[in-house]
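Undergrad: Please read through the structure below; I'll follow up with questions.
The values are calculated or read from the model by the stated rules, or taken from the named source; none is laboratory data. These numbers come from a predicted model, not from an experiment. Counting neighbours? That spans all protein chains shown, and the Cβs are built from the backbone with ideal geometry, glycine included. Side chains are part of the model used for accessible areas, which takes the heavy atoms of the whole protein and leaves out ligands, DNA and RNA. Shrake-Rupley method; radii C 1.70, N 1.55, O 1.52, S 1.80 Å.
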Amino acid sequence: MLLLGAGGHGRAVADAASAAGWHIAGFLDDHATEAPWTGASILGAIDTLPTILQAHPEWSVIVTLGDNRERRSVVERFAGIPIRFATVLAPSAYVSPTASVEPGSIVMHHAVVHAGSRIGPHAILNTGATIDHDCEIGEYGHISPGVHLAGTVKVEREAHVGIGASVIPGVRIGARAVVGAGAAVISDVPAGVTVVGVPARPTR
């Protein structure tokens, strides 16, 4: 597996992927110059991906940038070349047999995805997050550590739910919306809006 992004999130994903049986071939990063993870090194900048995949077409790829927009930008940059995007499921995570996790997504340690839920491409379910039944996480969504989504919640494209937030059943969180850390979301969040607090309300 080749990881695009060698920051803290990249190291955490490398740990989870290695524990799940993946071999970490290395990292691509535009800024890091030193090996960020034991046993793997920086192989070049992110733009060297096409050249590396020409030499190693069998390698899978995962984009390990925590920022949703940056992650999307990298994926779209290479839309014209064939890439085998990996799915990382940490061994301690639980994903229901009736749930689905699309390629490019990451389910970290102790996260839970219950029956009927759908996780879109290149999403992040971080440590200890719980996704109850029939939820939908859109592509490039980010569910932070310790978040709890009740049943039938819909988190749209590029939305970010902050650490420790809770969302009641049936709520929709719009595209590119942000839910602040520790918020309690009891009503829909419009696209592009940031909400904070208990109960969660839009920021001024």
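Undergrad: May I ask you to list the residues in segment 51-63 that are open to solvent by less than 40 Å² (accessible area, probe 1.4 Å) and among the hydroxyl-bearing types (Ser, Thr, Tyr)?
TA: Ser60
Undergrad: Report, by residue number, each residue of segment 167-190 that is of a type in the set (Gly, Ala, Ser), within 18 Å of Asp132 (Cα to Cα) and buried (at least 19 other Cβ atoms within 10 Å of the Cβ).
TA: Ala183
Undergrad: While we're on this one: Out of the residues in segment 29-50 that are of a type outside the set (Asp, Glu) and out of contact with any strand residue (DSSP E or B) (no Cβ under 8 Å at 6 or more places or on another chain), state the one that is surrounded by the most Cβ atoms within 10 Å (Cβ to Cβ).
TA: Pro50
Undergrad: Here's another thing I want to ask about it. Is there a residue in segment 86-108 that is touching a Gly at 6+ places or on another chain (Cβ under 9 Å), farther than 23 Å from Ala175 by Cα, surrounded by fewer than 17 Cβ atoms within 10 Å (Cβ to Cβ) and of a type outside the set (Val, Ile, Thr)?
TA: Yes, some residue in segment 86-108 is touching a Gly at 6+ places or on another chain (Cβ under 9 Å), farther than 23 Å from Ala175 by Cα, surrounded by fewer than 17 Cβ atoms within 10 Å (Cβ to Cβ) and of a type outside the set (Val, Ile, Thr).
Undergrad: Every residue in segment 168-198 that is under 18 Å from the mean Cα position of the chain (by Cα), hydrophobic (A, V, I, L, M, F, W, C) and either closer than 19 Å to Asn126 by Cβ or outside any loop (DSSP other than H, G, I, E, B) (or both), please.
TA: Of everything in segment 168-198, those that are under 18 Å from the mean Cα position of the chain (by Cα), hydrophobic (A, V, I, L, M, F, W, C) and either closer than 19 Å to Asn126 by Cβ or outside any loop (DSSP other than H, G, I, E, B) (or both) turn out to be Ile173, Ala177, Val178, Val179, Ala181.
Undergrad: For segment 71-84, which residues satisfy the criterion of being open to solvent by less than 50 Å² (accessible area, probe 1.4 Å) and either over 13 Å from Pro103 (Cβ atoms) or touching a helix residue (DSSP H, G or I) at 6+ places or on another chain (Cβ under 9 Å) (or both)?
TA: The answer is Arg71, Val74, Phe78, Ile83.
Undergrad: Of (1) touching a helix residue (DSSP H, G or I) at 6+ places or on another chain (Cβ under 8 Å); (2) closer than 30 Å to Ser117 by Cα; (3) acidic (Asp, Glu), Asp67 satisfies all except one. Which?
TA: Every condition holds for Asp67 apart from (1).
Undergrad: Please name all residue pairs, on different chains or six or more residues apart, with Cβ atoms under 6 Å, provided the first residue is in segment 25-45 and is more than 22 Å from Val75 (Cβ to Cβ) and the second residue is at pLDDT below 90 and outside any loop (DSSP other than H, G, I, E, B).
TA: Listed pairs, sorted by first residue: none to list.
Undergrad: A further question follows. Six or more apart or on different chains, Cβ under 8 Å: which pairs go from a residue in segment 151-162 that's open to solvent by 50 Å² or more (accessible area, probe 1.4 Å) to one that's of a type in the set (S, T, N, Q) and not in a loop (DSSP other than H, G, I, E, B)? Could you list them?
TA: From residues that are open to solvent by 50 Å² or more (accessible area, probe 1.4 Å), the pairs are His160/Asn68.
Matching residues to (1) polar (S, T, N, Q); (2) assigned to a loop (DSSP other than H, G, I, E, B); (3) modelled with pLDDT under 95:
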residue	(1), (2), (3)
Ala17	no, no, no
Gly21	no, yes, no
His31	no, yes, yes
Glu34	no, yes, yes
Glu76	no, no, no
Ala79	no, yes, yes
Pro97	no, yes, no
Pro103	no, yes, no
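Undergrad: Among the residues of segment 105-115, which ones are part of a loop (DSSP other than H, G, I, E, B) and either more than 11 Å from the chain's Cα centre (by Cα) or in contact (Cβ under 8 Å) with a residue 40 or more places away in the chain (or both)?
TA: Once the filter is applied, which keeps residues that are part of a loop (DSSP other than H, G, I, E, B) and either more than 11 Å from the chain's Cα centre (by Cα) or in contact (Cβ under 8 Å) with a residue 40 or more places away in the chain (or both), segment 105-115 yields Met108, His109, His110, Ala111, His114, Ala115.
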